[in-house]
Amino acid sequence: MSTAFIKCALLLCSIVISNLLSAQNKYALIVAAGKYKAWPQISSLNDVPYIRSALTAQGFTDDKVTVITDEAVTMEGLRKAFTDLTKKVSPGDIVVIHFSAHGEQVADNDQDETDGLDESIVTYDAAFPVNRDHFEKDQAAYFRDDEFGIYMDRLRARLGSKGDLLVILDACHSGTGTRGEHKVRGGQPTLVPNNFKPQSSTGNSEPEVFLNKGTDAANLSSYVIISGALATELNSEMSDSAGVSMGSLSFAISEALVQLKPGTTYRSLFADIVSAMNRVVPEQHPVLEGNGLDRELFGGRYVEQKPFAGIVEMNGKEYTLDQGQMSGIEAGAGVALYPKGTNDPDDAKPLATGKVKSATAYQSVVIWDKDPGLEVNADGWVFVTKPVYKIPPVILATASQGRPSGFSAAETAQIQKEVKTLPIVKMTGSPELLLRKGVEKDSLILAANGFLFGTLHVSTEGELTDILKRYSQYKYLQQVSLKDPLSNMQVSIIPVIDGKPAPEAIGKFLKNGLPEFRPGDAIMIRAKNTGDVPLYINILDLQPDGKINAIFPNKDHAVPIGLLKVEPGMDFTFSDFPITIGPPFGLETFKVFISRTEIDLESIAISSGAASRSGGLNALEDLLNSSYGISTRGESTSPKASGSAFNLLFRIVK
């Protein structure tokens, strides 16, 4: 045997051993406290199967996922869970920690908070915060952000510089370290002693939950925290018409994790989460923080898995699935059954096809065209082939607050008459929209945040109908999300400084993880084609008042369709087309459409769905076209995606 051969063999052996030693595992700790000794019961246990399913799709195996619930969520239980987890992991591993619980603010005990309050997780046996005389005893059962940070520092040190840590906090007051007609996870008076002075702290608070104290930061893993609400906000659960509830952040993140696209970073994942939460709890502001925001998810080791549902029960041609309306599965949707492990159904042959017979929040029933003949539930995965998008009924109320509304008898009759013609609008229940009497014009207000959606004359027949239709279409377009693996493009908003694109300056505009701009600021669009074929980009602007404007293409601003083609591998900034920011104020949505063929959504938007062309409409064009009739029936079907559609979100503030 030659010396060269021996050296080569030894080198190969060392490479194999090195790879084995550096193999990276995925661990998760899920903490869900729903039943408490003293605090009100919440629906945290409903979050667990959704988070587990999302993690399973991302390669987290059952033996590496630990779940502690209810009675086990004590101070001792949490300390043990974190200690055990830290012992298990190795350098370079990936860890996800998810909390679903009540959150509470407690008087700061080490003067590191500017407001004098620590954020905390409420443990199972924590006392209800009503008696200030018992503060010293009661506070010991609240898991403070300071202690949380100590355990996270130990974990990060164990994971090392190549490790990756994601923390999800579905609790009230979680924006710096905690949850709560939506049921609130938390929301109780602060737990403080009798002599508490809010301004007594030294003011040396850090914005991050995991305040590193003395450890070499260069040897710690990166970390990202996604919180359900600002430190000053309540965190609401979401529920369907039957009253089945789950955490709003848990829902959003489970939805986002099973619809990942290439190049997903923690920042782009957060954008998908904000988009989902804005549909169900628009009054909340989720928060993103950490030092790994622009790192690829799980160190780049994530699965580009098309979303699927598992099987709960089989009865001949009728199957019950473990997902429903909360995952976008509605009655009437087309579905197909494939063998387990199918990442992309386009590359496999279905075992059966069918239609969703009925759907609740967390389950659905499918009728197949034939008996699939599965012997074990786990052997099949179900994919949606033809989605049905439904909008929950819009609840409208006059802004009277128990007093006369100010509308005349004739105007009230006109309101009731027009609402009767719109099946998805109701005037009973907790209002989503408020109709307010004005001097010259009446106003339609978003109840969650008080923003003006639009103005009208109630006395003029048809104006109320038109504005409610516009709101329905706005909601519909916001919720539509299509993931076509062959239509992959990374699209981002970059600020303009001194007339030039300045991507490096985006950090100056970020607040709680989202860009925030003021009137007069300018932005540009950056697009990177990570695929192998040319792609086309169209963008619609969904204003907070429901108006829909075309960004790309835009004939008024000389942005023709021909300039919207992005070749494979191209990283292109549309520097010739700056976009100047202006009112209305609120959360703005750029709806991005990526297609493999040339499309023109501007013509459809300008014509309010009346546009057509020879050869018919592309699937994305048809989707937009159908949205102009959404409010007459409350739902819309979409053909199989021939492109992708997603949201870019930013806030416009005064």
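I'd like the FRET efficiency for E313 and K426, computed as 1/(1 + (r/R0)^6) with the beta carbon distance as r and R0 of 35 Å, rounded to 0.05. Between E313 and K426 the formula returns 0.60. For the pair A448 and K340, the difference between a 0.36 nm per residue extended length and the Cα-Cα distance amounts to 34.7 nm. Cross-link reach is defined here as a Cα-Cα straight distance under 17 Å, omitting same-chain residues fewer than 8 places apart; for K420 the lysines meeting it are K469. Counting only other residues whose beta carbon sits under 14 Å from that of V419, what net charge do I get with K and R as +1, D and E as -1? Computed value for this residue: -2. Annotation: lysines with alpha-carbon distance below 26 angstrom to K35 (same-chain offsets under eight excluded): K64, K80, K137, K183.
Among 586-597, 419-430, how do they line up by average Cβ neighbours within 10 Å per residue, starting with the highest? All intermediate terms of the calculation are to be shown ahead of the outcome.
Numbers: 586-597: 20.8, 419-430: 14.4.
By packing density, highest mean first, the sequence is 586-597, 419-430.
Rounded, prolate or oblate, given the Cα gyration tensor of the range 371-470, with a/c below 1.5 counting as rounded? Numbers along the way, then the final one.
On the way: a/c = 3.29, a/b = 2.87, b/c = 1.15.
Prolate shape, in that a/c is at least 1.5 and a/b is the bigger ratio.
The packing ranking, built from the mean of other Cβ atoms within 10 Å per residue, places the peptides 537-547, 53-63, 500-510 in the order 537-547, 53-63, 500-510, highest first.
What ranking do 40-46, 353-359, 97-103 get when scored by the average of other Cβ atoms within 10 Å per residue, highest first?
Numbers: 40-46: 21.0, 353-359: 18.7, 97-103: 30.0.
Averaged packing, sorted descending, gives the order 97-103, 40-46, 353-359.
Give the aspartates and glutamates reachable from K88 as a straight Cα distance under 17 Å; neighbours fewer than 8 places away on the same chain don't count. Filter leaves D62, D63, D153, D164.
Near S487: Cβ cut-off under 12 Å, other residues only, Lys/Arg at +1 and Asp/Glu at -1. The net charge is +1. Let's test the formula: R0 of 22 Å, r as the Cβ-Cβ distance of K87 and D125. What FRET efficiency results, to the nearest 0.05? Efficiency computed from Cβ-Cβ geometry: 0.30. The local environment of S575, defined by Cβ-Cβ distances under 10 Å, has a net charge of +1 under the rule Lys, Arg +1 and Asp, Glu -1. Applying a threshold of 20 Å to the alpha-carbon distances of K317/K349; K162/K511; K417/K547; K426/K475; K483/K591 flags K162/K511; K417/K547 as lying beyond it.
Indicate the gyration tensor shape class of the range 267-424 (rounded, prolate or oblate), computed on the Cα atoms with a ≥ b ≥ c the square roots of the eigenvalues: a/c under 1.5 is rounded; otherwise a/b larger than b/c is prolate and the rest oblate. Write out the running numbers ahead of the final one.
Numbers: a/c = 3.46, a/b = 1.47, b/c = 2.36.
Note, shape of the range 267-424 comes out oblate.
Using 0.36 nm per residue and subtracting the Cα-Cα separation, the extra length available between A409 and D369 on full extension is 9.0 nm. In terms of its C-alpha gyration tensor, the range 418-566 has a prolate overall shape, because the principal axis ratio a/c (a ≥ b ≥ c, square roots of the eigenvalues) is not below 1.5 and a/b outweighs b/c.
Coordinate-derived values only; no laboratory data. As the structure is a computational prediction, the values presented were derived from the model and not from experiment. Every residue, glycine as well, gets a Cβ built from its backbone with ideal geometry; the counts of neighbours run over all protein chains shown.
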